[in-house]
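The values are calculated or read from the model by the stated rules, or taken from the named source; none is laboratory data. From a predicted model like this one, the values you see are computed outputs, not experimental measurements. We place every Cβ from the backbone using ideal geometry, glycine too, and count neighbours over all the protein chains shown.
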Amino acid sequence: MKCRKCGAKAALNMRQHRLALCAEHFLEWLPDQTQRFIQKYRMFLPEERILVAVSGGKDSLSLWDILSRLGYSADGLYIDLGIDHGTGYSTVSRQKAAAFAESHMLKLLIVDVPATLGASIPTAARLTHRGAQKPCSVCGMTKRHIMNRMARDLGYDVLATGHNLDDEAAVLFGNTLTWATGYLARQGPVLDAETGFVRKVKPFCRLYERETAAYALLRGIDYVYEECPLADGATSIFYKDVLSRMETERPGIKLAFYLSFLQARLGGFLAAPSSIAASEMHPCPACGQPTTSVDVCSFCRTWNAVRTRREAEGPGE
Ligand code: AMP
Ligand code: FES
Ligand code: ZN
Ligand code: ZN
């Protein structure tokens, strides 16, 4: 297989795009694609300040790399969730994110969950009813809260995450199976800013995981290979697997699924994304973040319960 641009040996054959490229041309093509999506979906302007949520994985580190190369002003945010699980998952991810920032002379902000909130994610999950669902529930809610708070408080215009097409297609698949119209209305490359919420964007939403992984490898980015050990058996992994099997039989099906959803939504098949009336939103009396809850927000409620139960348990995890 030869590179379509120069005829040299191809490093990657992307059957879904009927395109094969050598390493050099692939490393040009992916940032070009990213820039095209940033403009197409009006994610942000060159003068805006971006906060990139970096997990230490291939997607978010590649995204940070590409945004900086494209000339955007992008700082990183790493959230240390305190997940150990015998592999030191959070510690290793944090080291990868910090090493990348240092070698590229980029600014990385770190929020340490156990140090600031009083417990790690596994402990918080064990101590609350959310834990019965899976630690991912308390984890996702906590990450969303911290990302929004940091971006808003520090005056960033936009928060960017490394979600790729495989992530987006799996979420879409799950939401479609249950016709979760509220979630479907809000899923997309851009979630506009609302009162108290910063704009959120996913510049990699049209890139296959295989492509972002190839970018990280060919660019020599040192990232954490391991997936979160707590996500083992999660439904999203099952959906990803199903979609990948379909992709093998029908190259391009994942992208078509996602793009035709965006197209159908533009055509008005779902209600406008502002499903929650702005009037229902008010600042949480404890943390100031927007919430629809009559009392404190779910983040404050959960973490207050975690601290109370921890104190009742006494010292030790
Ligand atoms: P995941 O939900 O683990 O697939 O991650 C999706 C995206 O969320 C990543 O590409 C990052 O942009 C962001 N993210 C996940 N975990 C963290 C973390 N611990 N700190 C900062 N950002 C994160
Ligand atoms: Fe949150 Fe795994 S990253 S539970
Ligand atoms: Zn080439
Ligand atoms: Zn709150």
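Here are the numbers for this structure:
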quantity: Test: residue in segment 78-90 that is buried (at least 18 other Cβ atoms within 10 Å of the Cβ), out of contact with any strand residue (DSSP E or B) (no Cβ under 6 Å at 6 or more places or on another chain) and within 24 Å of Leu165 (Cβ to Cβ); calculated: no
quantity: Helices (runs of 4 or more DSSP H) completely within segment 1-115 that count 3 or more residues being among the hydroxyl-bearing types (Ser, Thr, Tyr); calculated: 58-69, 89-103
quantity: Which numbered condition Ser293 fails, given (1) modelled with pLDDT of 85 or more; (2) surrounded by fewer than 17 Cβ atoms within 10 Å (Cβ to Cβ); (3) more than 26 Å from Asn148 (Cβ to Cβ); calculated: (3)
quantity: Qualifying positions in segment 34-51 - touching a Leu at 6+ places or on another chain (Cβ under 7 Å) and surrounded by fewer than 21 Cβ atoms within 10 Å (Cβ to Cβ); calculated: Gln35
quantity: Top-ranked residue of segment 189-245 - restricted to ones that are surrounded by 16 or more Cβ atoms within 10 Å (Cβ to Cβ) and in a strand (DSSP E or B), ranked as farthest from ligand 3 (Cβ to nearest atom); calculated: Phe197
quantity: Pairs with Cβ under 8 Å, 6+ apart, first in segment 2-31 and touching a residue at least 24 places away in the same chain (Cβ under 8 Å) and at negative phi, second part of a helix (DSSP H, G or I) and surrounded by fewer than 16 Cβ atoms within 10 Å (Cβ to Cβ); calculated: Pro31/Arg69
quantity: Gly56 being at positive phi and under 15 Å from the mean Cα position of the chain (by Cα); calculated: yes
quantity: Test: residue in segment 35-42 that is closer than 30 Å to Cys139 by Cα and within 16 Å of ligand 1 (Cβ to nearest atom); calculated: yes
quantity: Some residue of segment 160-181 being assigned to a strand (DSSP E or B) and surrounded by 21 or more Cβ atoms within 10 Å (Cβ to Cβ); calculated: yes
quantity: Per-region count, segment 93-116, residues within 18 Å of Arg301 (Cβ to Cβ) and buried (at least 20 other Cβ atoms within 10 Å of the Cβ); calculated: 1
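Residue-by-condition table, conditions (1) more than 16 Å from ligand 2 (Cβ to nearest atom); (2) among the β-branched types (Val, Ile, Thr); (3) modelled with pLDDT of 95 or more:
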| site | (1), (2), (3) |
| --- | --- |
| Ala20 | yes, no, yes |
| Asp32 | yes, no, yes |
| Gly57 | no, no, yes |
| Trp64 | yes, no, yes |
| Gly71 | yes, no, yes |
| Val92 | no, yes, yes |
| Lys96 | no, no, yes |
